[in-house]
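The values are calculated or read from the model by the stated rules, or taken from the named source; none is laboratory data. From a predicted model like this one, the values you see are computed outputs, not experimental measurements. Heads up, the Cβs are rebuilt from the backbone with ideal geometry, glycines too, and the neighbour counts pull from every protein chain shown.
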Amino acid sequence: MERIQFGQFLFDTGSYELTCEGEVIVLDPRTVSLLLFLLDNPKRIITRDELQTVIWQGVIVTDNAINKLVANLRKTLNDDPKSPQYIQTVPKQGYRFIAEASVLKDVKSHLDTDQKSVKSNYVVKGLASLLVCLLAVVLVMLNSRASSELNYNENNVLTRVMGAKRSLVVAPSGESVSFLNDTRGKGNTLWVKRLNDQYDDVGTQVASGAYYIDALVAQTSTHLIFTGYQEEQCGWFKVPFAEGTRTLAAGKAQLLGCNKLVSHQFTYDTRQDVIWLLGHPKQHEHQNTLFKVDFTTGLEPINVTLPKGWQFISLDLKADSSELLLIAHNSQGISQFFTFDTTSHTLTALGSTHQQIEFGIWGHESDQVIVVSASKPTQLQSINVQKGSERTLASLTDRICCELARHPNNKDYVYSTYDKNIDLNWRLTGFELDNSNGNERLPAFANKQIGIYFTSNRAGGNHIYFQAPAQRAAQVIMMDEHMRLRELAVSPDDKLLLVNHNNHQLWIVDSERKNVLHQTSLDGYGFAQSWINNTLFAVTVKQKTSRSVRVYNRQLQLVAELPPSWMRIMPDRANREVIYVYNQDKNVYRFTLADLLNGQMQKGVQLGEVEHFHQGIVEDSVLYASDHIEAELTIYKLNDRHLQFLSQNPFDGYYGFDVKDGQLIYASTRVFSSDLYTTQAR
């Protein structure tokens with residue numbers, strides 16, 4: 001065993017432990033392999049082919065996967081690629097480890113045998129014999145356990161086609177996986193890839209015929225079940241499908257008007273020929289309900305009640321049984337496992353975990369659930385729901401999202417990765433944005449100082465950062481690892497940050513003291529938040545089909561609530577005594593702050609109609625309206641009695657944007673990759 005010192009870091013080659021000034025830094029297996037290889041090959045150029053051979057054991061991976069791995073190690077070492085201390089990029093050749101490294105040998109202490117008495121020798125010999133016996137027993141137990149427990153150290157990449165792989169399904173006794181590949185400009189295409197290791201192909205595209213497929217539900221030995229459209233009619237379809245199918249033919253359909261339903265998770269019961277799903281009606285609050293889709297009788301909501309603050313997020317039916325796995329979580333990051341008997345409709349709690357599970361399925365073994373959590377998004381975990389024990393089956397550099405399937409060999413699992421690099425974009429001379437190789441989202445200008453706030457997962461979880469000109473971004477506050485930061489707003493005096501967690505909680509953060517002052521839970525789905533002034537802010541809360549615009553103070557006390565016909569408040573950033581409000585008829589009105597707080601809605605001045613938008617900001621009587629679906633930014637001048645159209649341009653600001661002095665900053669996808677994997681249990 002050696003300990004290697006380089007810079008301020010110490011790496012233990014025996015325990016694979018990296019420390020910095022005594023603090024242990026956790027590394028995933030691939031990052032450990034990369035660091036070891038760099039330390040073993042200092043001062044020389046290491047090619048991408050070498051990394052592919054050593055790290056991925058020859059499996060062909062994308063350049064982005066290699067870039068991501070190197071970037072993650074650089075981030076761990078706090079190494080700037082523009083001025084590297086450790087890892088240097090050699091253009092068009094590879095990488096070079098440039099730091100000086102020295103090996104520190106461990107010094108083992110020796111017993112002073114001259115001071116041992118005869119009595120102590122007998123004691124030592126007796127203890128040694130006992131230890132040998134105990135060691136033999138332990139080895140027998142470990143060998144017995146090892147013989148029954150599979151080793152999941154390896155993974156195999158199944159696909160090498162561009163696009164987002166999702167909605168994967170595997171027939172219980174089949175030899176292939178079917179999935180949708182989503183590419184910009186082409187939409188969803190259906191693909192089939194063989195699971196056997198000996199086949200090194202990219203997969204086969206299957207023509208969807210008269211169908212447009214939104215999501216795959218299941219695959220049997222004879223049929224493919226999916227939801228989508230046929231001749232512009234939304235429905236659930238069951239069509240003939242076998243290993244050699246090249247074009248989907250007409251099949252059984254249940255046309256339900258399912259375009260009125262948002263479906264998030266599916267599972268199929270082959271015995272009853274029904275689909276179980278989690279979803280909710282469109283335009284309703286995002287609170288999942290259990291539904292059953294019968295190809296004969298149609299759609300049926302199933303009444304399953306959870307305590308307040310909990311919501312279902314995942315489901316899976318155990319093969320050839322009536323045991324439906326339901327996973328629920330709350331805003332505190334705790335997840336609960338349930339079984340639902342599809343025959344008796346009884347719900348039984350199994351166990352819980354202090355992780356916010358994103359999705360999960362039944363495992364191959366009894367009481368085993370395979371999950372991915374928000375706190376460990378790059379790991380595939382196995383949880384025994386009875387014992388509460390956890391085990392990592394796979395650890396990658398990319399995020400695992402958003403479906404899992406059991407492999408027909410009864411030991412492995414098929415899953416997809418979904419990795420985005422989201423950057424901030426802002427063209428301003430003298431201000432270089434500190435983008436990382438992670439996701440920078442929700443940009444918000446500071447008002448009194450020069451700089452920007454934003455969220456980033458560069459340190460592993462979603463946290464809030466601030467960047468001033470000519471400086472690196474600094475963390476403002478570390479948020480809980482399970483938190484999903486949906487919106488971020490800065491008070492006019494820059495002292496407070498309003499944070500939206502998972503659209504169901506509001507947090508007020510003191511940006512100077514870097515702590516949470518107040519937090520509250522919403523009784524609905526919260527969005528469209530904005531500061532009115534230094535003491536008041538507005539948020540829209542959706543409850544089923546209704547919306548309410550609420551005004552709170554900085555202590556999170558409700559100050560005012562607008563009538564149901566109003567949908568969103570937009571203060572003028574340049575004159576906060578003027579408030580613009582958008583109503584359900586798509587009209588924009590102007591109010592004074594006093595009239596708004598006093599409920600004098602009849603005093604509003606109607607300016608005109610604006611098509612639906614997802615995010616709206618007003619500055620100096622100019623409305624910037626962003627539409628995520630059409631990926632457009634439309635700008636209007638808000639005059640005294642009417643609005644004036646100024647421009648409409650393509651705009652990739654899905655992950656947030658802000659405006660200050662006419663300058664726009666926005667977050668958009670720079671790099672995207674997605675692959676299909678299978679574990680390789682030994």
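Observations
- Filter pass, residue 292 being modelled with pLDDT of 90 or more, out of contact with any helix residue (DSSP H, G or I) (no Cβ under 8 Å at 6 or more places or on another chain), buried (at least 21 other Cβ atoms within 10 Å of the Cβ) and of a type in the set (Lys, Arg): no
- Those residues of the range 477-495 which are surrounded by fewer than 21 Cβ atoms within 10 Å (Cβ to Cβ) and farther than 17 Å from residue 439 by Cβ, in sequence order: 477, 480, 489, 492, 493, 494, 495
- Evaluated against (1) surrounded by 15 or more Cβ atoms within 10 Å (Cβ to Cβ); (2) closer than 26 Å to residue 381 by Cα; (3) in contact with an Asp or Glu (Cβ under 9 Å, 6 or more places away or on another chain), residue 10 falls short on exactly one condition, (2).
- All positions within the range 608-666 that are small (Gly, Ala, Ser), touching a Gly at 6+ places or on another chain (Cβ under 9 Å) and at pLDDT below 90: 631
- Cβ pairs under 8 Å, 6+ apart, first in the range 355-380 and within 14 Å of residue 399 (Cβ to Cβ), second basic (Lys, Arg): 374/484; 377/399; 378/399
- Some residue of the range 53-62 being touching a residue at least 60 places away in the same chain (Cβ under 8 Å), under 26 Å from the mean Cα position of the chain (by Cα), surrounded by 12 or more Cβ atoms within 10 Å (Cβ to Cβ) and assigned to a helix (DSSP H, G or I): no
- Tabulated pairs, the range 464-489, first within 22 Å of residue 354 (Cα to Cα), second among the hydroxyl-bearing types (Ser, Thr, Tyr) and at pLDDT 90 or above, C-beta under 6 angstrom, 6+ apart or interchain: 485/455
- Taken over the range 629-682, the residue count meeting the criterion of being more than 23 Å from residue 452 (Cα to Cα), surrounded by 20 or more Cβ atoms within 10 Å (Cβ to Cβ) and touching a Leu at 6+ places or on another chain (Cβ under 7 Å) is 7.
- Flag if residue 79 is under 29 Å from residue 375 (Cβ atoms) and either under 28 Å from the mean Cα position of the chain (by Cα) or free of Cβ contacts under 8 Å to residues at least 24 places away in the same chain (or both): yes
- Once the range 496-520 is narrowed to residues that are part of a loop (DSSP other than H, G, I, E, B) and crowded, with 16+ Cβ neighbours inside 10 Å, the residue that is modelled with the highest pLDDT is 511.
- Looking only at the range 170-187, and only at residues there that are at pLDDT 85 or above and polar (S, T, N, Q), the one that is surrounded by the fewest Cβ atoms within 10 Å (Cβ to Cβ): 176
- Single residue of 242, 249, 215 found to be within 26 Å of residue 157 (Cβ to Cβ) and either without any contact (Cβ under 8 Å) to a residue 40 or more places away in the chain or surrounded by fewer than 12 Cβ atoms within 10 Å (Cβ to Cβ) (or both): 242
- Restricting the range 198-234 to residues that are closer than 23 Å to residue 272 by Cβ and assigned to a loop (DSSP other than H, G, I, E, B), the residue that is modelled with the lowest pLDDT: 221
- Hits in the range 537-546 (condition: in contact (Cβ under 8 Å) with a residue 24 or more places away in the chain, more than 28 Å from residue 474 (Cβ to Cβ) and crowded, with 19+ Cβ neighbours inside 10 Å): 538, 540, 542
- Matching residues in the range 292-315 - criterion: being more than 23 Å from residue 260 (Cα to Cα) and either in contact with a Ser or Thr (Cβ under 9 Å, 6 or more places away or on another chain) or not aliphatic (A, V, I, L, M) (or both): 307, 308, 309, 310
- When the range 614-628 is filtered for residues that are out of contact with any Lys or Arg (no Cβ under 9 Å at 6 or more places or on another chain) and surrounded by 15 or more Cβ atoms within 10 Å (Cβ to Cβ), the ones remaining, listed by number, are 615, 624, 625, 626, 627.
- Here 565, 530, 546, 511 are screened, and the one residue that is out of contact with any Asp or Glu (no Cβ under 7 Å at 6 or more places or on another chain), closer than 30 Å to residue 456 by Cα and of a type in the set (S, T, N, Q) is 530.
- Considered as a group, the residues in the range 90-100 that are modelled with pLDDT of 90 or more and not aromatic (Phe, Trp, Tyr) include one that is surrounded by the fewest Cβ atoms within 10 Å (Cβ to Cβ), and that residue is 100.
- Qualifying positions in the range 588-609 - assigned to a strand (DSSP E or B) and surrounded by fewer than 16 Cβ atoms within 10 Å (Cβ to Cβ): 592, 605, 606, 609
- Filter result for the condition that a residue is modelled with pLDDT under 90, assigned to a loop (DSSP other than H, G, I, E, B), under 31 Å from the mean Cα position of the chain (by Cα) and within 18 Å of residue 328 (Cα to Cα), over 283, 287: 287
- Residue 5, sole failed condition from (1) in contact with a Ser or Thr (Cβ under 6 Å, 6 or more places away or on another chain); (2) crowded, with 16+ Cβ neighbours inside 10 Å: (2)
- Condition check for residue 195: surrounded by 18 or more Cβ atoms within 10 Å (Cβ to Cβ), under 28 Å from the mean Cα position of the chain (by Cα) and at pLDDT below 90: yes
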